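Chemist: Submitted below is the structure of interest, expressed as structure tokens.
The values are calculated or read from the model by the stated rules, or taken from the named source; none is laboratory data. Remember, predicted model here, so these are calculated numbers, not experimental data. Methodologically, a virtual Cβ is constructed for each residue, glycine included, from the backbone with ideal geometry; neighbour enumeration extends over all protein chains shown. All accessible areas refer to the heavy atoms of the entire protein, side chains included, with ligands and DNA or RNA removed. Shrake-Rupley method; radii C 1.70, N 1.55, O 1.52, S 1.80 Å.
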Amino acid sequence: MPSLRLANLIDGRLVAPRADRWLEVHEPATGEILAHCPDSDANDVADAVAAAQRAAPGWSHTPIEQRARLLQRLAELIEQDLDAFAALESRDSGKPLALARSLDIPRAVSNLRYFAATIQGWGSESHAMALGQPGAGAINYTLRQPLGVVGCISPWNLPLYLFTWKIAPALAAGNTVVAKPSEVTPCTAVRLAELSIAAGFPPGVLNIVQGRGPSVGQALVEHPRVKAISFTGSTATGAAIAATAAPLFKKVSLEMGGKNPAIVFADADLSDANLDTIVRSGFANQGEICLCGSRLLVQRSIYEGFRERYLERVRALVVGDPDEPGTHLGALVSQAHFDKVMRCLDQARADGASVLCGGEPVRLQGRCAGGWFVAPTVIEGLPNTASTNQTEIFGPVASLIPFEDEAEAIALANDSAYGLAASLWTQDLSRAHRVAAALDFGIVWVNCWLLRDLRTPFGGAKQSGLGREGGAEALAFFTEPKNVCIRY
Ligand code: NAD
């Protein structure tokens, strides 16, 4: 297949980067060049911000129904093109095509539809005051006005899914957007750009600048006209963005890394379906989901029996060509990420871990001979303090850790710099409430995983996040509240 030549979206047009520099984008399943992506710089960002600024007054005064209609239209166009989007997402990221088709692209459609609907039902507050005598009072009402130009920066693991999760609320709330997808997985953002033109968004309302983090991302964060940054990615990048944005007094929303526990109590209902979910929570998308449970805490009284049933399932997972319908795990996203995961496994062995299954690359034949595949890996024997259990690996690696009782489970789960998502498995209702309340995480799933309602606050505590996305939280982030007090 000839490589794709990608583009930026600036002022309603698909354009090459000003400096005409390009990055190679590889297909993870084959290692071959899939696309050439603009290696844009601060000049391209400046063009995009200028276009967004020109468009801002018009867009912020566009009736809400019209903004919602355009978001709906974009959702429809993506849905009509679902198969092509899914194929491109799978090619670009290495994830199974079936997953892109059932999760990534439908969720991008839902993000757009959800915020199109939510903005139309979104109200603001009013506070009435009495002033001590009959007939005298005041009314406060809160205007929630768009910020102007906002920046949205997203990672490679759920490319279109997370990109639209930011763009949709920003646009719905009346902001104009300069968005930067990951340079590792830039492809579907270009298709989105094409469809945004076809949907009829006015020029400059949505701009997409492709390129590397230290050039495009940094320029976006530094730009004085960009009022807020919504970022999803690693904690290290989040810290760099926070440091740049702080003296500029920019709003930031940071969704970052995790080291999530899945806690299995002895009283859990370990039906086949639930065990499948526990396995999925570790290995879906090759473990490259920020919400994946990589620390599997299991009560000691059931540890051995659980381990055998769990291992049997993990061993049955198929690592293969992402195009094949039977594939459970595709390729890791890049050579660099593959190398990182292999280094983490070396470290685990050096620290004395027992590798119960996996632990090695998988070499496929044919089309995928050059791909970056890793076998689903289960290890045990390391304390929670080991680097394997403290650093985010972001690959198909789960670490089993036994615990004695509820207090120890909570202590182990919370003994982490991160606090994104925890899942717990128990049939004891009181325990479920008690443990959920005691966990220092932004999201707790009980007897489920990755069950998402877009109205709920989404995000992490500690080094996993600052602020929340989702529902009204996202709309609040992308607006400035202004209180107006009228005395009568
Ligand atoms: P990353 O931090 O390397 O990159 C994320 C984005 O930031 C990319 O678009 C990148 O180009 C950009 N970037 C890099 N340096 C920048 C800078 N100095 N200024 C501005 N932008 C910059 O992360 P990644 O490797 O793409 O993604 C994996 C990480 O994302 C993992 O840590 C994962 O946990 C996290 N993640 C978190 C969530 C969440 O909701 N909390 C969701 C998905 C992924």
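Chemist: With the requirement that a residue be more than 13 Å from the ligand (Cβ to nearest atom) and either touching a strand residue (DSSP E or B) at 6+ places or on another chain (Cβ under 6 Å) or assigned to a helix (DSSP H, G or I) (or both), what does segment 269-292 give you?
Modeler: Asp272, Ala273, Asn274, Leu275, Asp276, Thr277, Ile278, Val279, Arg280, Ser281, Gly282, Phe283
Chemist: Within the set of pairs 6+ apart or on separate chains, which have a first residue in segment 235-263 that is without any contact (Cβ under 8 Å) to a residue 40 or more places away in the chain, a second that is more than 10 Å from the ligand (Cβ to nearest atom) and part of a loop (DSSP other than H, G, I, E, B), and C-beta atoms under 8 Å apart?
Modeler: Partner pairs satisfying both residue conditions: Leu248/Pro224.
Chemist: Can you go through Ala173, Ala179, Ala189 and tell me which one is out of contact with any Asp or Glu (no Cβ under 6 Å at 6 or more places or on another chain) and either more than 13 Å from the ligand (Cβ to nearest atom) or open to solvent by 10 Å² or more (accessible area, probe 1.4 Å) (or both)?
Modeler: Ala173
Chemist: A further question follows. Are there any strands (runs of 3 or more DSSP E) wholly within segment 1-92 with 3 or more residues that are open to solvent by less than 30 Å² (accessible area, probe 1.4 Å), and if so which?
Modeler: 8-10, 33-38
Chemist: Moving on to the next point. Those residues that are aromatic (Phe, Trp, Tyr) and under 22 Å from Gly151 (Cβ atoms), I need them from segment 465-488; list them, please.
Modeler: Phe477, Phe478
Chemist: Go through Gln145, Gln120 for me and flag whichever is open to solvent by 60 Å² or more (accessible area, probe 1.4 Å), touching a helix residue (DSSP H, G or I) at 6+ places or on another chain (Cβ under 6 Å), away from the ligand (no atom under 16 Å from the Cβ) and not hydroxyl-bearing (Ser, Thr, Tyr).
Modeler: That would be Gln120, the only listed residue that is open to solvent by 60 Å² or more (accessible area, probe 1.4 Å), touching a helix residue (DSSP H, G or I) at 6+ places or on another chain (Cβ under 6 Å), away from the ligand (no atom under 16 Å from the Cβ) and not hydroxyl-bearing (Ser, Thr, Tyr).
Chemist: Here's something else I'd like to know. Against the definition (within 16 Å of the ligand (Cβ to nearest atom), open to solvent by less than 30 Å² (accessible area, probe 1.4 Å) and not acidic (Asp, Glu)), how does Phe478 come out, yes or no?
Modeler: So Phe478 does not fit the description; no.
Chemist: If you don't mind, there's one more thing I want to ask. Scan Ala386, Ala437 and give me the residue that is touching a helix residue (DSSP H, G or I) at 6+ places or on another chain (Cβ under 8 Å) and among the hydrophobic types (A, V, I, L, M, F, W, C).
Modeler: Unique residue meeting the criteria: Ala386.
Chemist: I'd like to verify a number: residues in segment 204-230 that are of a type outside the set (A, V, I, L, M, F, W, C) and either in contact with a Gly (Cβ under 7 Å, 6 or more places away or on another chain) or more than 8 Å from the ligand (Cβ to nearest atom) (or both), how many?
Modeler: Of the residues in segment 204-230, 10 are of a type outside the set (A, V, I, L, M, F, W, C) and either in contact with a Gly (Cβ under 7 Å, 6 or more places away or on another chain) or more than 8 Å from the ligand (Cβ to nearest atom) (or both).
Chemist: Do any strands (runs of 3 or more DSSP E) lying entirely in segment 352-468 carry at least 1 residues that are within 16 Å of the ligand (Cβ to nearest atom) and open to solvent by less than 10 Å² (accessible area, probe 1.4 Å), and which ones are they?
Modeler: 397-403, 421-425
Chemist: Any idea how many residues of segment 180-201 are outside any helix (DSSP H, G or I) and either among the hydrophobic types (A, V, I, L, M, F, W, C) or closer than 23 Å to Val221 by Cβ (or both)?
Modeler: The qualifying residues number 8.
Chemist: Would segment 28-35 turn up any residue that is of a type in the set (D, E, K, R) and either within 22 Å of the chain's Cα centre (by Cα) or farther than 30 Å from Phe283 by Cβ (or both)?
Modeler: no
Chemist: Can I ask one more? Just to be sure before I move on: is Ala245 open to solvent by 10 Å² or more (accessible area, probe 1.4 Å) and either at pLDDT below 95 or assigned to a helix (DSSP H, G or I) (or both) in the structure I sent?
Modeler: no
Chemist: Is it the case that segment 197-210 has a residue that's free of Cβ contacts under 8 Å to residues at least 60 places away in the same chain, open to solvent by less than 60 Å² (accessible area, probe 1.4 Å) and either under 30 Å from Glu32 (Cβ atoms) or in contact with an Asp or Glu (Cβ under 8 Å, 6 or more places away or on another chain) (or both)?
Modeler: Scanning segment 197-210 turns up no residue that is free of Cβ contacts under 8 Å to residues at least 60 places away in the same chain, open to solvent by less than 60 Å² (accessible area, probe 1.4 Å) and either under 30 Å from Glu32 (Cβ atoms) or in contact with an Asp or Glu (Cβ under 8 Å, 6 or more places away or on another chain) (or both).
Chemist: Counting only residues that are within 19 Å of Ala474 (Cβ to Cβ) and either more than 11 Å from the ligand (Cβ to nearest atom) or aromatic (Phe, Trp, Tyr) (or both), how many does segment 231-251 have?
Modeler: Adding up the residues that qualify gives 3.
Chemist: Something else now. For segment 73-91, check the following and say yes or no: at least one residue is within 30 Å of Gly395 (Cα to Cα), among the polar types (S, T, N, Q) and within 16 Å of the ligand (Cβ to nearest atom).
Modeler: no
Chemist: Give me the residue from segment 252-268 that is part of a loop (DSSP other than H, G, I, E, B) and within 8 Å of the ligand (Cβ to nearest atom) and, out of that set, nearest to Phe403 (Cα to Cα).
Modeler: Gly258
Chemist: How do the pairs read when you match residues in segment 140-165 that are within 30 Å of Leu332 (Cα to Cα) with residues anywhere that are open to solvent by 10 Å² or more (accessible area, probe 1.4 Å) and away from the ligand (no atom under 14 Å from the Cβ), using Cβ under 6 Å and keeping only pairs 6 or more apart or on different chains?
Modeler: none
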